[in-house]
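Everything below concerns the one structure shown next.
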């Protein structure tokens, strides 16, 4: 059996298909190496004293886990010196990270959630890293927050790593979605699945049901129909799954179909949602669409949203196309 490493896959995408440029290929390889380092740090856990919380909060006012901070530093240090980036932005940092002047700069902007689902770290449940790549606007030598505020449709690459029983890297460069498994003996990510496709229909959904009393009417209607099962208007029984790690929940949907929902609710009426548009919703929406699925905020396609701030929040409905279109239609009907 031919073993295709991530490096070989990216070179073939570059040479044979012209799908990516050389600097983007090198950037993805650097991000992948950082994910291997994060995987190693997570796997050692209490052996290195890296579990538990810190005394600090991130820009969203959330208490940071030690591995949040470690993962953020790994990604910054791995990517700052390669010459592929103009700047970086992290969910854990208030402002963009400027590339130090002692290093060359490139034409790309990297955004990342260094450790998604970090509330699960201390109970040994799968967590992950999410990343997104944009082009820096032409003629900009010192990018700031404004230059990151591009709609998700302009992403040139997106991916995530899952740190579970195996470490996986799921990637799109706009030419389908592919999965790579970390071979620890070889020290490389190896291609294990090509051209993932999300079924248009599903019998599985993912939502935090403890917030039901706060949901808006369209979500109440939709989830009520799912719960009604075969006797309800949809005519079939559904299973609910919820990991509280977006990476794990979305990966399950990529693997066997489903719909993931994190709607806005009445707890914070001034906020349009909980998840971050730039670090979570955009890269996941790009991946899901590349796999034949759909992603909306309940009203419009996520990748068409024009961000106004670096840490903007958004409601998210993504996964199997027919289910996403159904719940989005319920929002339209309720206007």
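The values are calculated or read from the model by the stated rules, or taken from the named source; none is laboratory data. Only a predicted model underlies this, so the values are computations on that prediction, with no experimental measurement involved. We place every Cβ from the backbone using ideal geometry, glycine too, and count neighbours over all the protein chains shown.
Here are the numbers for this structure:
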item: Given (1) in contact with a helix residue (DSSP H, G or I) (Cβ under 6 Å, 6 or more places away or on another chain); (2) part of a helix (DSSP H, G or I), index of the condition residue 227 fails; result: (1)
item: Qualifying residue in the stretch 209-230 (condition: buried (at least 20 other Cβ atoms within 10 Å of the Cβ) and either at pLDDT below 95 or under 18 Å from the mean Cα position of the chain (by Cα) (or both)); result: no
item: Residues (modelled with pLDDT of 95 or more and farther than 24 Å from residue 305 by Cα) located in the stretch 128-162; result: 128, 161, 162
item: Scope the stretch 120-134; condition crowded, with 16+ Cβ neighbours inside 10 Å and out of contact with any helix residue (DSSP H, G or I) (no Cβ under 7 Å at 6 or more places or on another chain); matching residues; result: 120
item: Test set (1) assigned to a loop (DSSP other than H, G, I, E, B); (2) assigned by TED's automatic domain parsing to the domain that holds residue 305 - residue 213 fails condition number; result: (1)
item: Tally, over the stretch 68-93, of residues that are under 20 Å from the mean Cα position of the chain (by Cα) and without any contact (Cβ under 8 Å) to a residue 60 or more places away in the chain; result: 15
item: Strands (runs of 3 or more DSSP E) lying entirely in the stretch 135-200 (those with 1 or more residues that are over 24 Å from residue 277 (Cβ atoms) and either without any contact (Cβ under 8 Å) to a residue 60 or more places away in the chain or assigned by TED's automatic domain parsing to the domain that holds residue 116 (or both)); result: 167-172, 178-183, 188-193
item: Close pairs (6 angstrom Cβ cut-off, 6 or more residues apart or separate chains): within 20 Å of residue 298 (Cα to Cα) in the stretch 249-263, modelled with pLDDT under 95 anywhere; result: 249/243; 262/274
item: Failed criterion for residue 15 (all others in (1) modelled with pLDDT of 90 or more; (2) more than 21 Å from the chain's Cα centre (by Cα) hold); result: (1)
item: Residue check for residue 195: on the phi > 0 side of the Ramachandran plot and loosely packed, with under 13 Cβ neighbours inside 10 Å; result: yes
item: Test set (1) over 22 Å from the mean Cα position of the chain (by Cα); (2) part of a helix (DSSP H, G or I) - residue 236 fails condition number; result: (2)
item: Test: residue in the stretch 279-288 that is surrounded by fewer than 23 Cβ atoms within 10 Å (Cβ to Cβ), in contact with a helix residue (DSSP H, G or I) (Cβ under 9 Å, 6 or more places away or on another chain) and in contact (Cβ under 8 Å) with a residue 24 or more places away in the chain; result: no
item: The stretch 293-312, subset touching a helix residue (DSSP H, G or I) at 6+ places or on another chain (Cβ under 7 Å) and surrounded by fewer than 21 Cβ atoms within 10 Å (Cβ to Cβ), residue farthest from residue 91 (Cα to Cα); result: 299
item: Residue among 43, 56 that is in the same structural domain as residue 90 (by TED's automatic domain parsing), assigned to a helix (DSSP H, G or I) and at pLDDT below 90; result: 43
item: Odd one out for residue 85 among (1) modelled with pLDDT under 95; (2) touching a strand residue (DSSP E or B) at 6+ places or on another chain (Cβ under 6 Å); (3) farther than 22 Å from residue 285 by Cβ; result: (1)
item: Counted residues, the stretch 149-166 - those being crowded, with 23+ Cβ neighbours inside 10 Å and more than 19 Å from residue 291 (Cα to Cα); result: 1
item: Hits in the stretch 113-134 - residues which are within 16 Å of the chain's Cα centre (by Cα) and in a loop (DSSP other than H, G, I, E, B); result: 117, 126
